[in-house]
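Participant: Before we start, here is the structure in question, set down as structure tokens.
Each reported figure results from applying straightforward, stated rules to the coordinates on display, with no laboratory input. The shown structure was predicted, so the numbers you read here are calculated from the model rather than taken from an experiment. Reconstructed Cβ throughout: ideal geometry from the backbone, glycine too, with neighbour counts over all protein chains shown.
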Amino acid sequence: MKDSEPDELLRAVRAVVVGDALLSPGATRHLIGEFAARSKEPAAAGALARLTERERE
């Protein structure tokens, strides 16, 4: 925010006042990267392994 233009800072303050979230482009890139990395993990494999053969049918 230190290098932000005055109109950009004003828009940010107005967004926060009405309850909107405000993330910097760097933070947004980081979050998207984290979600992308986690979506590649086989989350359902463990849950499927816990099912009995009958439950998998």
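Participant: Any idea what angle helix 25-39 forms with the longest principal axis of the chain, computed on alpha-carbon atoms, 0 to 90 degrees, nearest 10?
Facilitator: 0
Participant: Something else: Please get the size of the charge dipole for the stretch 7-57, origin at its Cα centre, with Cβ charges of +1 on Lys and Arg and -1 on Asp and Glu, quoted in debye to the nearest 20.
Facilitator: On the way: 8 positive and 8 negative charges, 13 e Å.
Here the stretch 7-57 has a charge dipole of around 60 debye.
Participant: Compute the label zone of F35 within the stretch 1-29: residues whose backbone N is under 11 Å from the point 7 Å along Cα-to-Cβ.
Facilitator: Only 28-29 fall inside the zone, counting backbone N under 11 Å.
Participant: Would you work out the Kirkwood radius for the stretch 6-56? I mean one over the mean of 1/r across all pairs of different Cα atoms, in Å.
Facilitator: Computed over Cα pairs of the stretch 6-56, the Kirkwood hydrodynamic radius comes out at 14.6 Å.
Participant: Another question about this same structure. List the trypsin sites (Lys or Arg not before Pro) within the stretch 4-40 that fall in a DSSP loop (any state other than H, G, I, E or B) and whose Cβ has at most 16 other Cβ atoms within 10 Å.
Facilitator: Working: sites: R11, R14, R29, R38, K40; in loops: K40.
Passing sites in the stretch 4-40 are K40.
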